[in-house]
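> Below are the structure tokens for one structure; questions will follow.
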Amino acid sequence: MEFRRVVVTGLGTINPIGNSVAEYWENLENGVSGSGMITHFDASKFKTQFACEVKNFDPTEHFDRKEVRKLDLYTQYALVAVKEAMADCDLDLESEDLTKAGVIWGSGIGGIKTFLDEVKGYANGDGTPRFSPFFIPKMISDIAAGHISMKYGFQGPNYGTVSACASSSHAIIDAMNYIRLGKADVFITGGSEASVNEAGLGGFNSMQALSTNNEEYQTASRPFCKSRDGFVMGEGAGCLILEEYEHAKARGAKIYAEVVGGGMSGDAYHLTATHPEGRGAINSMKMALNDADLKPEDIDYINVHGTSTPVGDIPETKAVQTVFGEHAYKLNISSTKSMTGHLLGAAGSVEAIASILAINNQIVPPTINHKEKDPEIDERLNLTLHKAQKREIRAALSNTFGFGGHNASVIFKSFSE
Amino acid sequence: MSDIASRVKAIIVDKLGVDETEVTPEASFTNDLGADSLDTVELIMEFEKEFNIAIPDDQAENIGTVGDAVSYIEENAK
């Protein structure tokens, strides 16, 4: 069966190193850290007291007061990123068949702050249930997709994807496949997360997943470095407008890149640890290459999951070597989480944007904060340390892996007719 | 304006994001003040909290305007 082609025609983001795509790219290219001491709440009793927070965000600049109360922060970030991407793609909603326009949006947890506040209110009361009628529709992790559809009138396929830190990569892959199959012509896709709060930080702290390097908070997200001690929590959203190629061509749309393949797998191994040999990661990357009909030699850049946890980074590099063989030493690898922190369910979307912009600019954003070689990571791999590197990038692969053993890899290719 | 009426008004302005001048006794929550069914439930809950009363569902159904709310609370608040 011949699949329809899928291209990217719009981008939008709000994340710890950029409140727009342009600002995000500038900071990626310059290797800027988004980490700072936590300002969203008093974290003085927490083991980790820093995070990569979104900066200078005032919801009232984007929403009226009544709207704000009904939107969890994760949905607010979603709508802000979507707004930028929709303006960017310049779709004429008046002339679109909106039943062929869908929304697939990922979030690992959804409105965890809303859950926290509502349950706290109940726990502090006398047992009388006084939950807000907006509690559930504000919290659930599919509601961002619902809000987006209401805002733009998109009546095609509409749902949320949940696979922890792979959530928005799964969203992008699903959207790509539905366009390929003709179920829709346009998708708003991506993901958002907003869990820099007491429950999010406390929960991940107890898992010993987060860096506790409070003294060196600015450089604590240090993928592949021997002294890495956990991930740094990030937050925000990334949005991609995916469009069927002929549809984009007919309206003269600007095309960033082509989405050519998606791979998905399950580790079937452990709740939170990745398989030591990267079994699931290998299967996911191989499936993506097959799906894209590309050979390992066709990939010039891998935006790795690379969270900066002691146990996660090693199996991923091993998996890359297994899949790419000798070519693993010729391509560039980088973890942009060294700058953005880990955006959890939104990671796949903001890293997809980094991969696409890397192709557009023919520049690989760096892995910053690396101080010391880890003997368990092959030093022949080009991890793009410290500084961005200029090179030919024909195609880029973006990996994301989630707790539960969910793996997803997406391949973007430089566009040519 | 009674104390109850002004407190009711303040809650409506806050929850529905409307202008104070729109909150007249005749104003209907859904037809005039832009409330949907969930907003209305929230308003009733806020009235219960503010005035320390319990408004049964079958009574709540009859509270459709600002004036309805003020009268109900005046009659039932302790």
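Taken together, the values in this text are just the output of simple stated rules run on the coordinates, not laboratory data. Just so it is clear, the structure is predicted and the values come from calculations on it, not from any experiment. Using ideal geometry, Cβ is built from the backbone for each residue, glycine included, and neighbour counts are taken over all protein chains shown.
> Put a dot 7 Å past each Cα toward the Cβ at A:K330 and A:Y159; how far apart are the dots in nm?
Label at A:Y159, label at A:K330, 4.1 nm between them.
> Averaged over its residues, how many other protein chain Cβ atoms are within 10 Å of peptide A:129-138's Cβ atoms?
Taking all residues of A:129-138 together, the mean is 3.
> How much length is gained on full extension from A:D64 to A:D90, taking 0.36 nm per residue of separation minus their Cα-Cα distance?
6.9 nm is the gain from fully extending A:D64 to A:D90.
> Take peptides A:123-129, A:72-78, A:177-183 and line them up by average Cβ neighbours within 10 Å, highest first, as a rough protection proxy.
Descending mean neighbour count gives A:72-78, A:177-183, A:123-129.
> Could you identify which residue out of A:A199, A:A171, A:A257 has the top mean-square fluctuation in a GNM of chain A using Cα springs shorter than 10 Å?
Per the Cα network of chain A with a 10 Å cutoff, A:A199 tops the list.
> Taking the Cα centre of the protein assembly as shown as origin and charging only Cβ (+1 Lys, Arg; -1 Asp, Glu), how large is the dipole, in debye to the nearest 20?
Once rounded to the nearest 20, the dipole reads 2000 debye.
> Hey, can you list the DSSP H helices of chain A whose Cα span along the axis is 15 Å or longer and whose average Kyte-Doolittle score is at least -1.0? Show your work: numbers first, answer last.
Details: long enough: A:73-89 (24 Å, 0.58); A:112-123 (16 Å, -0.01); A:167-180 (20 Å, 0.04); A:279-292 (20 Å, -0.19); A:313-324 (17 Å, 0.01); A:347-361 (21 Å, 1.08).
Span-like helices here: A:73-89, A:112-123, A:167-180, A:279-292, A:313-324, A:347-361.
> In deg cm²/dmol, rounded to 500, what helix-only [θ] at 222 nm does chain A give when every DSSP H run of at least 4 residues adds -39500 (n - 2.57) and the total is split over its residues?
On the way: 13 runs with 133 residues, N = 417.
Only helices count here, giving -9500 deg cm²/dmol.
> If I model a spin label at A:N214 and A:Y122 as a point 7 Å from the Cα along the Cα→Cβ vector, what separation in nanometres do I get?
Modelled inter-label distance: 3.2 nm.
> What are the extents of the Cα atoms of the protein assembly as shown along their three principal axes, listed from largest to smallest and rounded to whole Å?
The Cα atoms of the protein assembly as shown stretch 83, 55, 38 Å along the principal axes, largest first.
> Scan around A:G261 for amide H atoms under 5 Å from its own, H built in the peptide plane at 1.01 Å from N, and keep only partners 5 or more places away or cross-chain.
A:I411
> Right, here's the next one. Summing +1 for each Lys or Arg and -1 for each Asp or Glu, what net charge is found among the other residues whose Cβ lies under 15 Å from the Cβ of A:K286?
On the way: positive: A:R279, A:K295, A:K318; negative: A:D267, A:E277, A:D291, A:D293, A:E297, A:D298, A:E316.
Local charge sum for A:K286: -4.
> Any idea what the dipole of the stretch A:336-411 comes to, in debye rounded to 20, about its Cα centre with Lys/Arg Cβ at +1 and Asp/Glu Cβ at -1? It would help to have the intermediate numbers written out before the result.
Values: 8 positive and 7 negative charges, 58 e Å.
I would put it at about 280 debye.
> Report the residues of the stretch A:306-329 in range of a label on A:A273: point 7 Å along Cα→C-beta, backbone N strictly under 16 Å from it.
Answer for the stretch A:306-329: A:309-316.
> Amide H to amide H, which residues 5 or more places from A:T161 or on other chains are under 5 Å from it, using H placed in the peptide plane?
A:W105, A:G106, A:S107
> Count the net charge of all other residues whose Cβ sits under 10 Å from the Cβ of A:H370, scoring Lys and Arg as +1 and Asp and Glu as -1.
Its environment carries a net charge of +3.
> Can you tell me how the stretch A:6-121 classifies by the Cα gyration tensor, rounded, prolate or oblate, using a/c under 1.5 as the rounded cut?
Working: a/c = 2.30, a/b = 1.38, b/c = 1.67.
In terms of gyration-tensor shape, oblate.
> If you wrap a convex hull around the Cα atoms of the stretch A:171-249, how much volume per residue is inside, in Å³?
About 148 Å³ per residue, rounded to a whole number.
> Which entries of A:K286/A:K318; A:K70/A:K100; A:K337/A:K387; A:K286/A:K387; A:K70/A:K138 have Cα-Cα distances beyond 18 Å here?
A:K70/A:K100; A:K286/A:K387
> State the percent of C-alpha pairs, over all pairs in the stretch A:195-310, separated by a distance greater than 25 angstrom.
When all Cα pairs of the stretch A:195-310 are counted, 46 percent exceed 25 Å.
> Given the options A:W105, A:L71, A:A87, identify the residue whose Cα lies farthest towards the positive end of the charge dipole of the stretch A:54-128 (+1 on Cβ of Lys, Arg; -1 on Cβ of Asp, Glu).
Going by the Cα projections, it comes out as A:L71.
> Once you list every other residue whose beta carbon is under 11 Å from the beta carbon of A:S192, what net charge do they have if Lys and Arg are +1 and Asp and Glu are -1?
-3
> Kindly provide the helix-only [θ] at 222 nm of chain B, computed as the sum of -39,500 (n - 2.57) over DSSP H runs of four or more divided by all residues, to the nearest 500 deg cm²/dmol?
-17000 deg cm²/dmol
> Mind giving me the FRET efficiency for B:Q59 and A:A250? R0 is 51 Å, r the Cβ-Cβ distance, nearest 0.05 is fine.
0.30
> Which links in A:K113/B:K15; A:K55/A:K183; A:K66/A:K254; A:K66/A:K120 stretch past 30 Å when you go from one Cα to the other?
A:K55/A:K183; A:K66/A:K254
> Would you work out which of B:V13, A:A257, A:G230 lies farthest towards the positive end of the dipole of the protein assembly as shown, given +1 charges on the beta-carbon of Lys and Arg and -1 on that of Asp and Glu, about the Cα centre?
The residue sitting most towards the positive pole is A:G230.
> Cα to Cα, under 18 Å, and not fewer than 8 places away if on the same chain: which aspartates and glutamates meet these conditions relative to A:K47?
A:E198, A:E215, A:E216, A:D229
> Using +1 on the beta carbon of Lys and Arg, -1 on that of Asp and Glu, and nothing else charged, what's the dipole of chain B about the Cα centre, debye to 20?
About 260 debye.
> At q = 0.11, 0.15 Å⁻¹, what log₁₀ I(q)/I(0) does a Debye calculation on the Cα points of the stretch B:1-77 give, no solvent, two decimals?
So the normalised log intensities work out to -0.22, -0.42.
> What residue among A:K55, A:K295, A:K318 has the largest mean-square fluctuation in a Gaussian network model of chain A, using Cα springs under 10 Å?
Maximum fluctuation in the GNM of chain A, among the listed residues, is at A:K295.
> While we're here: For chain A, with a Gaussian network of springs between Cα atoms less than 10 Å apart, report the residue from A:P16, A:P157, A:P133 with the top mean-square fluctuation.
In this elastic network of chain A, the residue with the biggest mean-square fluctuation among A:P16, A:P157, A:P133 is A:P133.
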